[in-house]
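Below is one structure, written out as structure tokens, with a few remarks after it.
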Amino acid sequence: DGGITQSPKYLFRKEGQNVTLSCEQNLNHDAMYWYRQDPGQGLRLIYYSQIVNDFQKGDIAEGYSVSREKKESFPLTVTSAQKNPTAFYLCASSARDSRSETQYFGPGTRLLVL
Amino acid sequence: AQKVTQAQTEISVVEKEDVTLDCVYETRDTTYYLFWYKQPPSGELVFLIRRNSFDEQNEISGRYSWNFQKSTSSFNFTITASQVVDSAVYFCALSRAGANNLFFGTGTRLTVIP
């Protein structure tokens, strides 16, 4: 089945620790995205990538980093600089880098701080 | 600036009732796209519909229908004969033509009571 997978489903972070969230897609989509969702709020864009080895900051990139070494993969690292990382993280992808294409989402990773 | 407002935070209906979820948007662009997503308790966002600003035709898909009115900057979503499986958070979103960012409303939590 084609789709987007995210792992782990739940992730616990200790103070001062970097953690990496995985996102993989087998839809052959060019563009991939990371969003953050806080309780009772909509999603906010962290980073996006239109092609391999290229990515751009979204609205709330501070304290996060990404890489795009393969078309299928777009991991997100939550660094110790992110002071309030507890949230639900959603990865998405879209068909072409022509933009405004429909974004399809993965199942999400819930990050909690110990 | 782009903005999406979903004024209804929570709605409860009894099964088989019809329900309309409101979405009002703001944009200065003449070309833009509107979306509705469903987020069930599992957390994954499920794509429901995409509409471009030049297509004001209403759309019906089974029990779902959408009413797009540019004159009032609204893109409302109606579920006919609601079912318990419709219980979820529904998000309206807006993107500019040629842009990667989706601007989300804060969502409406729909609870369908059996």
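Any residue that is basic (Lys, Arg), open to solvent by 20 Å² or more (accessible area, probe 1.4 Å), in a strand (DSSP E or B) and in contact with a Lys or Arg (Cβ under 8 Å, 6 or more places away or on another chain) - is there at least one of those in region A:53-76?
No, region A:53-76 has no match at all.
Anything in region A:18-31 that is assigned to a loop (DSSP other than H, G, I, E, B) and more than 16 Å from B:Leu102 (Cβ to Cβ)? List them, or say none.
In the first step, residues of region A:18-31 are kept if they are assigned to a loop (DSSP other than H, G, I, E, B); the result is A:18, A:26-30.
Hits for region A:18-31 are A:Asn18, A:Asn26, A:Leu27, A:Asn28, A:Asp30.
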Test A:Gln6 against the criterion of being touching a Gly at 6+ places or on another chain (Cβ under 7 Å), open to solvent by 10 Å² or more (accessible area, probe 1.4 Å) and within 14 Å of chain B (Cβ to nearest Cβ), and give yes or no. yes
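Whether any residue in region B:49-61 is at pLDDT 95 or above, closer than 25 Å to A:Gly40 by Cβ and not aromatic (Phe, Trp, Tyr) is what I want to check. Don't jump to the end; show me each part of the working.
In the first step, residues of region B:49-61 are kept if they are at pLDDT 95 or above; the result is none.
Scanning region B:49-61 turns up no residue that is at pLDDT 95 or above, closer than 25 Å to A:Gly40 by Cβ and not aromatic (Phe, Trp, Tyr).
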Provide a single number: the residues in region B:1-35 that are more than 9 Å from every other protein chain (Cβ to nearest Cβ), within 18 Å of B:Thr111 (Cβ to Cβ) and open to solvent by less than 50 Å² (accessible area, probe 1.4 Å). 5
Of the residues that make up region B:52-61, is at least one open to solvent by less than 10 Å² (accessible area, probe 1.4 Å), within 29 Å of A:Asp59 (Cβ to Cβ), assigned to a loop (DSSP other than H, G, I, E, B) and in contact with a strand residue (DSSP E or B) (Cβ under 9 Å, 6 or more places away or on another chain)? yes
From the set of residues in region A:32-45 that are at negative phi and part of a loop (DSSP other than H, G, I, E, B), which is most open to solvent (accessible area, probe 1.4 Å)? A:Pro39
Tell me, which strands (runs of 3 or more DSSP E) wholly within region B:67-114 include 2 or more residues that are within 14 Å of the chain's Cα centre (by Cα), within 14 Å of chain A (Cβ to nearest Cβ) and surrounded by 20 or more Cβ atoms within 10 Å (Cβ to Cβ)? B:88-96
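Quick check, is A:Tyr48 within 10 Å of chain B (Cβ to nearest Cβ) and either in a loop (DSSP other than H, G, I, E, B) or more than 23 Å from B:Thr31 (Cα to Cα) (or both)?
no
The values are calculated or read from the model by the stated rules, or taken from the named source; none is laboratory data. None of these values were measured; they are calculated from a predicted model. Using ideal geometry, Cβ is built from the backbone for each residue, glycine included, and neighbour counts are taken over all protein chains shown. Just the protein is used for accessible areas: all its heavy atoms, side chains included, with ligands, DNA and RNA removed. Shrake-Rupley method; radii C 1.70, N 1.55, O 1.52, S 1.80 Å.
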